[in-house]
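Visitor: Quick one: structure below, then a few questions.
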Amino acid sequence: LDGAIQVRSSRGRVDVQQGDALEVRPDLELVVDLPGLDVNSAGIPPSQWHISLKAPDAERPSWSLRADATALKDRVRAGVRATLEPTTRAVRARVTFAPVELSPGGLQPVDLDPRLASLQDVTGKIAAVAELRWSGGELRSSHADVTLSSLGFRSSGAALEGLGGVIHLASLSPLASSPGQTLDAAGLDVAGIRFREPHVRFALTSEGMQV
């Protein structure tokens, strides 16, 4: 990894080099900048990260983590806010993805994940907020809201336009939605047949999507 590490405290700021030893004090803040983090093997595009980790103090017994990331020429932005309780190993995290704008000739789903190559000429915006909780080293709960705005795309002889709504995911692992999810669209074309203002009711379960 190429980047910079700094330690900030009430005594000032100092750059950290490999092999340096750190003493954890209540006023300690560890700041890491990673301008070129590439973990594409995990399905994540190359990204830039700014991470701040603050040590506990008398008023705040937990570690505090703040991380901000950008990717794909700043077109994808995410923020992470988390607390870490050292004695119980409990972690609470909130991850926010700023609205991502998709357009032909611009950002497309395939840029995020090659498995989405079948979705073509995608337009619209997608945003998401997720909350996760770990304890004892295990993920105990997770949920998210995914907001779709004026989404449109072509795929396998079908074309959809004006899709919008919020998908409430009750679990991220395994991926599952709350029951009775609904999305509305302006139009849907399937094999030359036009459907006006379709209304979709569905649920995601461990067995797949139920429509």
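The values are calculated or read from the model by the stated rules, or taken from the named source; none is laboratory data. In this text the structure is predicted, and so the values were computed from the model without any measurement. Positions of Cβ are backbone-derived with ideal geometry, glycine not excepted, and every protein chain shown enters the neighbour counts. We work out accessible area using only protein heavy atoms, side chains counted, and drop any ligands, DNA or RNA first. Shrake-Rupley method; radii C 1.70, N 1.55, O 1.52, S 1.80 Å.
Visitor: Rounded, prolate or oblate: which fits segment 47-196, taking a ≥ b ≥ c as square roots of the Cα gyration tensor eigenvalues, rounded meaning a/c under 1.5, else prolate when a/b beats b/c? Don't skip to the end; give the middle numbers.
Guide: Details: a/c = 3.13, a/b = 1.99, b/c = 1.57.
Note, shape of segment 47-196 comes out prolate.
Visitor: Ratio to report: Rg/Rh of segment 87-146, with Cα atoms as the point set and Rh obtained by the Kirkwood method; give two decimals.
Guide: Working: Rg = 16.0 Å, Rh = 13.7 Å.
Using Cα coordinates only, the ratio equals 1.17.
Visitor: Find how much the distance from SER103 to SER178 grows on full extension, using 0.36 nm per residue of separation minus their present alpha carbon separation; answer in nm with one decimal. Write out the running numbers ahead of the final one.
Guide: On the way: separation 75, 0.36 × 75 = 27.00 nm, distance 2.93 nm.
Extra length available between SER103 and SER178 comes to 24.1 nm.
Visitor: Which value, in Å² rounded to 10, gives the accessible area of THR70 with a 1.4 Å probe and all protein chains present?
Guide: 30
Visitor: If we count every other residue with Cβ under 11 angstrom of GLY79's Cβ, Lys/Arg +1 and Asp/Glu -1, where does the sum land? Write down the numbers at each step before the final one.
Guide: On the way: positive: ARG66, ARG77, ARG81, ARG94; negative: ASP68.
Value of the local net charge: +3.
Visitor: Sort segment 130-211 into rounded, prolate or oblate with this rule: let a ≥ b ≥ c be the square roots of the eigenvalues of the Cα gyration tensor; rounded if a/c is under 1.5, and if a/c is not under 1.5, prolate when a/b is larger than b/c, oblate otherwise.
Guide: Values: a/c = 2.93, a/b = 2.49, b/c = 1.18.
Prolate.
Visitor: Follow-up. Subtract the Cα-Cα distance of SER52 and PHE195 from 0.36 nm times their separation in residues, and report this length gain in nm to one decimal.
Guide: Details: separation 143, 0.36 × 143 = 51.48 nm, distance 4.98 nm.
Gain in length upon complete extension: 46.5 nm.
Visitor: Quick check on packing: order 184-196, 77-89 by the mean number of other C-beta atoms within 10 Å, highest mean leading.
Guide: Working: 184-196: 12.1, 77-89: 14.5.
In descending order of packing, they fall as 77-89, 184-196.
Visitor: With r defined as the distance between the Cβ atoms of ASP74 and VAL32 and R0 fixed at 22 Å, what FRET efficiency is calculated, to the nearest 0.05? Can you show the working numbers first?
Guide: On the way: r = 19 Å, r/R0 = 0.87.
E between ASP74 and VAL32, to the nearest 0.05, is 0.70.
Visitor: Another question, if that's okay. Could you give the nm distance between label points at ARG115 and THR83, where each point is 7 Å from its Cα heading toward the beta carbon?
Guide: The answer from the label model is 3.4 nm.
Visitor: Per 0.36 nm of contour for each residue apart, how much would the distance between VAL166 and GLU207 grow if the chain were fully extended, relative to their Cα-Cα spacing? Intermediate values should be presented prior to the final figure.
Guide: Working: separation 41, 0.36 × 41 = 14.76 nm, distance 2.14 nm.
Going from the current span to full extension adds 12.6 nm.
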